[in-house]
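First comes the structure, then the notes that go with it.
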Amino acid sequence: MAGYQFIHVECYAREGSKQGKGKWSIRDILAEANREPGNYYHVQNAQKPNIIMGSIQEVEKSANDWADNTKDTRGRKLRKDGLCMMAGVISLPREQEKDWPKLRDDSVKWLKEKYGERLKAVVEHQDETHPHIHFYIVPNQGERFDDIHDGKKAAANAKAQGKKKGEQNKEYCEAMRLWQDNFSAKVASKYGLARLGPGRRRLTRAQWKAEQKQAEILKNVKANARRYINYYKKKAAEMWKGEGVVDKFKFSWFHLPSRKVQEKAKADQAMRAKAEDEAVRLREEKGKAEVKAEEYLEGGVQHARDSRLALEKVKAQSKEIRKLRAEKEALKAENDALKTPKPSVSQKRQQRKGLAV
């Protein structure tokens, strides 16, 4: 049974943060990816990484060059702890390892389409728990760092519009959800991977198993459609090739084709037409299957969004209920105070003398 997608990004500077546990610098991150000595303590049997595109050295040079030629929002030279590189990871559960080469290649294609020349390198690791790739994004000269990160860009736009911090955070989260949705639609759904795991949406085991089964069915529908299309394309090509040989006899001015050759030509034409019709039919079925898959995917995404909105509504209502309860308690205390009879002048005098109980 298929699992759920995993794609994640983090942002780094030339110098790591020294607060708390500290954050790695771009040099630390790239050294770990390149399996440089002293930088992969978490890997027991380290292997040489597979560089799919670009190079580690190019990433580091591009990030440093961009940082050296960039100024912050106040026009000052970018500090050493200013962000200058975004690094991400895409992985697949080891039990689906047979799907990894195709998912890896589709992921790289998606990254190239989304980030273009900002994508400086992609590195594959096979020496950890799950097969995965690391990818590295650096802004082009003249761009802001926020331009390469969907969430930061959305939050910056919200800030420019005068929205408050809470609204900026909401814009950030929604942009990153759409980023995940896009990867799911273009890549992960083809391999039966659910958009989210069960824990994030508080699904029961039965609900999670049902969703996994649906994702697996959609994956098989797409795979079968592609297989049949390729088969009939090949068959049609063979028929065309066979027809070419017949045509040499049929249209030769010095040789009249025999009845057997003519019948063979007609049979080949009929078979070719049948193969072409079948290919057209399967293309239509593939299109319908893909539309249906998109509908299922959009339905799942909409369900997740509706769940989030419902949860936010419940939280808001709970907050309002707590506020009303507090107001009720305050009114009750005030009312009790009003009902309590005020002591008379003589009672007050006695209380001061300590005579009254």
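Derivation of every value follows stated rules applied to the coordinates shown; laboratory data play no part. These numbers come from a predicted model, not from an experiment.
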Revision key, fill the gap. Over 28 Å (Cα to Cα) among K152/K186; K48/K109; K163/K323; K163/K315; K102/K153 -> K102/K153
Practice item. For T70, list long-range residues whose amide hydrogen, built 1.01 Å from N in the peptide plane, is under 5 Å from its own amide hydrogen. Key: L78
